Amino acid sequence: MEAMVGPDDRPDDPESALDGLSEDRIFSLLSAGRRRELLRALEAAGEAVPLSVLTREVALAEGIESDADAGAFKTVYVSLYQTHVPSLAAAGAVEYDPVEKHVELTSRAAPLFTYLDIAGGSDDEETTGLLSRFFGADHAAN
């Protein structure tokens, strides 16, 4: 079983990869709290980020203490590596370099931000994205 999406798995027309996504698919992509936090971290970075750094940022956003044992961070890493990054890569929203283990937003992610206030992310309802308020913290680990 291959965990990551490769270049051959991308849509034939990458420029319209997200343009053709239905609202159901967009909502499905954004329904997982970890994917929303991953998108927030990538947006803030503005460049390719090592998966290990993204793991730490997502874990901290979920409330895992910075001095938590490695097992807590490993759980986040595994879910990002096996589930969340491949989902976003298959949609064309991110590019993943399996050699360098870096993740980067693509310009094709823009339609996702129509539905997600990427500038939000705090517990303050004024700055948290609509989907984060709708799905709530209970979905953060999904």
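Assorted remarks:
- Candidates 49, 76, filtered to the one that is surrounded by 12 or more Cβ atoms within 10 Å (Cβ to Cβ), modelled with pLDDT of 95 or more, more than 21 Å from residue 112 (Cα to Cα) and not acidic (Asp, Glu): 76
- Scope segment 52-73; condition among the hydrophobic types (A, V, I, L, M, F, W, C) and buried (at least 20 other Cβ atoms within 10 Å of the Cβ); matching residues: 54, 58, 59
- If you go through segment 87-119 and keep only what is in contact with a helix residue (DSSP H, G or I) (Cβ under 7 Å, 6 or more places away or on another chain), among the hydroxyl-bearing types (Ser, Thr, Tyr) and modelled with pLDDT of 80 or more, you end up with 87, 96.
- Taking every residue in segment 97-111 that is in contact (Cβ under 8 Å) with a residue 60 or more places away in the chain and farther than 25 Å from residue 23 by Cβ and pairing it with any residue that is of a type in the set (A, V, I, L, M, F, W, C) and part of a strand (DSSP E or B), at least 6 positions away or on another chain, yields no pair with a Cβ-Cβ distance below 6 Å.
The values are calculated or read from the model by the stated rules, or taken from the named source; none is laboratory data. What you are looking at is a predicted structure, and each value in this text was computed from that prediction instead of being measured. Virtual Cβ from ideal backbone geometry, glycine too; neighbours counted across all protein chains shown.
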